[in-house]
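Novice: The structure's right below; bear with me while I get my questions together.
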Amino acid sequence: MRNDTPWVLAVLLFGATANAHHSDAALDMNARVAFRGTVSEYSMRNPHSYFTVDVTGDDGTAVTWTVQMASAISIRRSGWTPDSLAVGDEVSVAVRPARDGRAYGLLAAIEKDGVAISNERVSGRVTASTTTIEGRWFIDRESLGDDYPGGLDQLMARELTLTEAGRAAQAAFDQNADDNPELACLSKPTPGGLVYTDLYPMEIEFLDGGEIIVIRSQYFDQERIVYMDGRPHPSDERMYEGHSIGWWEDDVLVVDTVNFTDNRSPYQNGIPSGAQKHVVERYRLHSDGTRLRVEFTLEDPEYIVGSMTHARDLVYSPEMDMTPFNCDLETTRRFVPR
């Protein structure tokens, strides 16, 4: 394999980065390896789609590269279909390679028959307006800013200041170990679902005359109940998604969530969360009814110094589907070295 071909220069121009559901720590995100070969497998699944490429090096050595992509749901939004690749197709590929030297990488760019297959993330488009925060919402990428670092793990790595316990736990984390919740197809508790609106829609539904609000994320089929009836948080019950109560401050919905169970890696980078985790969310409809401003503040004094606040705009997207994620246990473990 060579990575100094003219095509490699081209992928530096048009290549994009696919988002991973697990930490990118095992990948060299600053490197690219490019190769040409023949597709020998292609599958669209959640949380990752994969294809393999049989490559013969300049010295005649044969190797099969495994190429990881985003979920089937995400790549469909970028234009991929089950017919985008077929066994026997000749392709040129660039990947962010695994640090351990195995023939595994995260897709950066791909060409088939001299034509690039899109790997770009999509953004919400204004097609309708509403008078309520109910409905389906998807990211307005312009609200993230030019310095947005990428996925959940990169955002948290940039924004969180860790305590000594947080630093020690993160350093000891092994994403290939069984205590990694991602290997069990578990969702990312709040604020994970809010951050993942850059890839998956969020749906808000009012029930029982507004006494209950349900907040769903397509990502890992997350669903949360917000109690609006004035009840307090329970004193002795802890839940995976936490316990949420809410109220209105004029036209702003405020959601307060505590009582999370301990989680080894809720931000997909080995920083844990504990019994003191506390998330406050604020939802406000823009005056034109096309966008929703979402803001959260995160505290967890056992592992985080101070607090983290993040805000973004979501576009009203009633046309977006909420197809079940149906996480595949075999696929979610495929990144683990064998």
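Laboratory data are not the source of any read-out in this text; all were calculated from the coordinates shown. These figures come from a predicted structure and were not determined experimentally. Backbone-built Cβ (ideal geometry, glycine too); neighbour counts: all protein chains shown.
Novice: Gain in length, I212 to Y227, computed as 0.36 nm per residue apart minus the alpha-carbon separation, to one decimal in nm? Walk me through the numbers on the way to the answer.
Specialist: Values: separation 15, 0.36 × 15 = 5.40 nm, distance 0.50 nm.
Length difference between fully extended and current span is 4.9 nm.
Novice: A further question on this structure: Out of residues 5 or more away from T290 or on other chains, whose amide H comes under 5 Å of its own, with H placed 1.01 Å from N in the peptide plane?
Specialist: Residues meeting the amide H criterion: T130.
Novice: Please rank Y316, Y42, fewest neighbouring Cβ atoms within 10 Å first, as an exposure proxy.
Specialist: Values: Y316 25, Y42 20.
Fewest to most other Cβ atoms nearby, the residues stand as Y42, Y316.
Novice: Ranking request for peptides 271-281, 69-79, 166-176: highest mean number of other beta-carbon atoms within 10 Å first, then the rest in descending order. Numbers along the way, then the final one.
Specialist: On the way: 271-281: 19.1, 69-79: 20.9, 166-176: 15.2.
In descending order of packing, they fall as 69-79, 271-281, 166-176.
Novice: Can you compute the modelled spin-label distance between A184 and V122, with each label point 7 Å from Cα toward Cβ, in nm?
Specialist: Modelled inter-label distance: 3.3 nm.
Novice: Right, another one. With a cut-off of 14 Å, note down the residues of the range 173-195 whose backbone N falls inside the zone around a label point 7 Å from the Cα of D100 toward its beta carbon.
Specialist: 174-178
Novice: What does the net charge come to around E142 if you take all other residues with beta carbon closer than 11 Å to its beta carbon, with K and R at +1 and D and E at -1? Display every interim value, and only then the final one.
Specialist: On the way: positive: R141, R291, R312; negative: D140, D146, D313.
Local net charge: 0.
Novice: I would also like to ask the following. Calculate the dipole size of the chain relative to its Cα centre from +1 charges on Lys and Arg beta carbons and -1 charges on Asp and Glu beta carbons; express the result in debye to the nearest 20. Before the final figure, lay out the partial values.
Specialist: Numbers: 31 positive and 53 negative charges, 145 e Å.
Charge dipole, the chain, about its Cα centre: 700 debye, nearest 20.
Novice: Would you pull out the residues with amide H under 5 Å of T163's amide H, same chain only if 5 or more places away, H placed 1.01 Å from N?
Specialist: Long-range HN contacts for T163: I304, V305.
Novice: Applying the Karplus parametrisation 6.51 cos²θ - 1.76 cosθ + 1.60 with θ = phi - 60° to the phi angles of the range 222-239, what ³J(HN,Hα) value in whole Hz is obtained for each residue in order, glycine and proline being reported as x?
Specialist: Calculated HN-Hα couplings, in order: 5, 9, 10, 9, 10, 8, 10, 8, x, 5, x, 5, x, 8, 9, 10, 10, 10 Hz.
Novice: Also, I was wondering about something else. Could you line up W65, W248 from fewest to most neighbouring Cβ atoms inside 10 Å? Please report the intermediate quantities before stating the final value.
Specialist: Working: W65 21, W248 11.
By the 10 Å Cβ count, ascending: W248, W65.
Novice: Now for a separate question. Beta carbons within 10 angstrom, averaged per residue: use that to sort the peptides 50-58, 184-192, highest first.
Specialist: On the way: 50-58: 16.7, 184-192: 20.7.
The packing order, highest mean first, is 184-192, 50-58.
Novice: Once phi is turned into ³J(HN,Hα) by the Karplus curve 6.51 cos²θ - 1.76 cosθ + 1.60 with θ = phi - 60°, what whole-Hz value does each residue of the range 307-314 show in order, with x for glycine and proline?
Specialist: Whole-Hz 3J(HN,Hα) from phi for the range 307-314: 9, 10, 10, 9, 9, 7, 9, 10.
Novice: Okay, moving on. Give me the one-decimal nm value for the distance between modelled label points at S40 and Y148, 7 Å along each residue's Cα-to-Cβ direction.
Specialist: Going by the 7 Å Cα→Cβ label model, 3.8 nm.
Novice: Further question: Note down the net charge around D198, summing +1 for each Lys or Arg and -1 for each Asp or Glu among other residues with Cβ under 9 Å from its Cβ. Show your work: numbers first, answer last.
Specialist: On the way: positive: R121, R141, R312; negative: none.
Residues near D198 contribute +3 overall.
Novice: Still on this structure: Fewest first, what order do M44, M29, M202 take by the number of other Cβ atoms within 10 Å? Walk me through the numbers before you get to the answer.
Specialist: Numbers: M44 20, M29 16, M202 26.
Going from least to most buried by this count: M29, M44, M202.
Novice: What nm value, rounded to one decimal, do you get for the distance between R167 and A31 when each label is placed 7 Å out toward the C-beta?
Specialist: Simple spin-label model gives 2.8 nm for this pair.
Novice: Size of the dipole of the range 43-98 about the Cα centre, Lys and Arg at +1 and Asp and Glu at -1 on the beta carbon, nothing else charged, in debye to 20?
Specialist: Numbers: 4 positive and 6 negative charges, 105 e Å.
Once rounded to the nearest 20, the dipole reads 500 debye.
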